1. Tell me, yes or no, whether region 42-65 has at least one residue that is under 14 Å from the mean Cα position of the chain (by Cα), at positive phi and part of a loop (DSSP other than H, G, I, E, B).
2. Looking at region 16-29, I want the residues that are at negative phi and touching a residue at least 40 places away in the same chain (Cβ under 8 Å) and have a partner that is among the charged types (D, E, K, R) and open to solvent by 80 Å² or more (accessible area, probe 1.4 Å) with Cβ atoms under 7 Å, at least 6 apart or on another chain. Which pairs are those?
3. Looking at (1) of a type outside the set (D, E, K, R); (2) open to solvent by 50 Å² or more (accessible area, probe 1.4 Å); (3) more than 19 Å from E130 (Cβ to Cβ), which is the only condition I76 fails?
4. In region 28-57, which residue that is touching a Ser or Thr at 6+ places or on another chain (Cβ under 8 Å) and of a type in the set (F, W, Y) is modelled with the highest pLDDT?
5. Among the residues of region 48-55, are any more than 19 Å from S87 (Cβ to Cβ), of a type outside the set (S, T, N, Q) and either free of Cβ contacts under 8 Å to residues at least 12 places away in the same chain or open to solvent by 30 Å² or more (accessible area, probe 1.4 Å) (or both)?
6. Identify, please: which residue in region 82-119 is touching a residue at least 60 places away in the same chain (Cβ under 8 Å) and part of a helix (DSSP H, G or I) and is, among those, surrounded by the fewest Cβ atoms within 10 Å (Cβ to Cβ)?
Amino acid sequence: MSSTIQTEPKKTIVKIMVSPKSKDTVFDFFEDVRNLELGGAISNIVKDRDDWYTFNHVVAGSARLKIATNDRKLGILDHLFEGGGLSWTVYVRIIDNGYGSTTTWTFLRPDGLTDEQFEEQLGGFDVEIEKWNKHLSTSIS
């Protein structure tokens, strides 16, 4: 029997990218955290000694990210995000889709944000996805 306190489910936002590129190509792209700069919301990524990447984020300011789960076979590339006084896990899945792939990002609202603030925080993520997909589609074979 679990001893953790049960709470109501949190607001969840799922973002999706369908790419003509293979699962492996997309996985390689996102596994290299520096490629996240191509989305336009973060800049000046620096890898720290403890496998955290620090950077500037347009909404959160000074922030950091760490790959928490990296399983190429299952297409799992979850990461921890800390910024703006908040911390949460982003659940990333990359799956085969015909000759291409589908990537999903699942965000659970972190404590400290209202549902409205959470939605606002992720408001620009669709633009980042578009930029990443455009880069993948035009720059990577």
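The values are calculated or read from the model by the stated rules, or taken from the named source; none is laboratory data. Source: prediction; values computed, not measured. Neighbour counts run over all protein chains shown; Cβ positions are idealised from the backbone, glycine included. These accessible areas exclude ligands, DNA and RNA; they are computed on the full protein's heavy atoms, side chains included. Shrake-Rupley method; radii C 1.70, N 1.55, O 1.52, S 1.80 Å.
1. No, region 42-65 contains no residue that is under 14 Å from the mean Cα position of the chain (by Cα), at positive phi and part of a loop (DSSP other than H, G, I, E, B).
2. From region 16-29, the pairs are K23/D96; F27/R72.
3. Against the list (1) of a type outside the set (D, E, K, R); (2) open to solvent by 50 Å² or more (accessible area, probe 1.4 Å); (3) more than 19 Å from E130 (Cβ to Cβ), I76 comes up short only on (2).
4. Filtering first and then ranking leaves F30.
5. Among the residues of region 48-55, at least one is more than 19 Å from S87 (Cβ to Cβ), of a type outside the set (S, T, N, Q) and either free of Cβ contacts under 8 Å to residues at least 12 places away in the same chain or open to solvent by 30 Å² or more (accessible area, probe 1.4 Å) (or both), which makes the answer yes.
6. Checked region 82-119; the qualifying residue surrounded by the fewest Cβ atoms within 10 Å (Cβ to Cβ) is D115.
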